[in-house]
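First the structure, in the form of structure tokens, and then the observations on it.
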Amino acid sequence: KVGPREIKLVLIGLLVPSLVVLVTVAVSVATAAGRASVFNAGPQGFSEALYASTSQANNNGSALAGYGATEMSTTLGGIAMMLGRFLPLLSALAVAGSLAGARHAPPSAGTLRTTSPTFVVTLIGVILLVAGLTFFPALVLGPVAVQMSGTLF
């Protein structure tokens, strides 16, 4: 049986990488030291910072062409890598440990079976909703704004 503790741990693991990306992008575009690593101005520069932070927190730490390695950007990148990778990992381990010691509850009328189409549709809907609410506003400020402006840089 999944309880409130497990739900909170899953939410931590789900939201921390997105929160880390958004906070590091905000710091890198809101401070003068952070803007020193951005090569282009405007939406293209925001896209550079967004891609670098997203890559550092979730992937391999690559950056768009022009994004420089200043002291501020490398520090933010290191923080993003540590928090964006290790906190979800620790959260998943905590959920596994919590579920390993939990009592088994027999299925009842209120049980949502993981083999049902309802579960699949609900899971896909939640994934799309969380991803959309997290990254669509940032994407609109960057790549969509570049496309709508009519100029490349």
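The values are calculated or read from the model by the stated rules, or taken from the named source; none is laboratory data. Worth saying up front: this structure is predicted, and the values here are computed from it rather than measured. Backbone-built Cβ (ideal geometry, glycine too); neighbour counts: all protein chains shown. These area figures cover heavy atoms from the full protein model, side chains too; ligands, DNA and RNA do not enter into them. Shrake-Rupley method; radii C 1.70, N 1.55, O 1.52, S 1.80 Å.
Details
- Among the residues of region 65-85, those identified as under 15 Å from Gly34 (Cα atoms), among the hydrophobic types (A, V, I, L, M, F, W, C) and open to solvent by 40 Å² or more (accessible area, probe 1.4 Å) are Ala69, Met72, Ile79.
- Checking each residue in region 33-53 for being of a type in the set (Ser, Thr, Tyr) and part of a helix (DSSP H, G or I) picks out Ser47, Tyr51, Ser53.
- Among the candidates Ala92, Ala69, Ala65, Ala96, the residue that is without any contact (Cβ under 8 Å) to a residue 60 or more places away in the chain, closer than 24 Å to Glu6 by Cα and of a type in the set (A, V, I, L, M) is uniquely Ala96.
- Test: residue in region 86-93 that is among the polar types (S, T, N, Q), modelled with pLDDT of 90 or more and open to solvent by less than 50 Å² (accessible area, probe 1.4 Å): yes
Conditions (1) within 24 Å of Leu128 (Cβ to Cβ); (2) at pLDDT 85 or above; (3) not aliphatic (A, V, I, L, M), marked per residue:
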{"site": "Leu15", "(1), (2), (3)": "yes, yes, no"}
{"site": "Ala41", "(1), (2), (3)": "no, no, no"}
{"site": "Glu71", "(1), (2), (3)": "no, no, yes"}
{"site": "Val95", "(1), (2), (3)": "yes, yes, no"}
{"site": "Ser98", "(1), (2), (3)": "no, yes, yes"}
{"site": "His104", "(1), (2), (3)": "no, no, yes"}
{"site": "Pro107", "(1), (2), (3)": "no, no, yes"}
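So that you can scan it fast, the table gives a plain yes or no per residue for (1) of a type in the set (S, T, N, Q); (2) over 16 Å from Ala138 (Cβ atoms); (3) outside any helix (DSSP H, G or I):
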{"residue": "Ser55", "(1), (2), (3)": "yes, no, no"}
{"residue": "Thr75", "(1), (2), (3)": "yes, yes, no"}
{"residue": "Gly78", "(1), (2), (3)": "no, yes, no"}
{"residue": "Ala94", "(1), (2), (3)": "no, yes, no"}
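- Qualifying residue in region 13-32 (condition: in a helix (DSSP H, G or I), farther than 26 Å from Val144 by Cα and open to solvent by less than 30 Å² (accessible area, probe 1.4 Å)): yes
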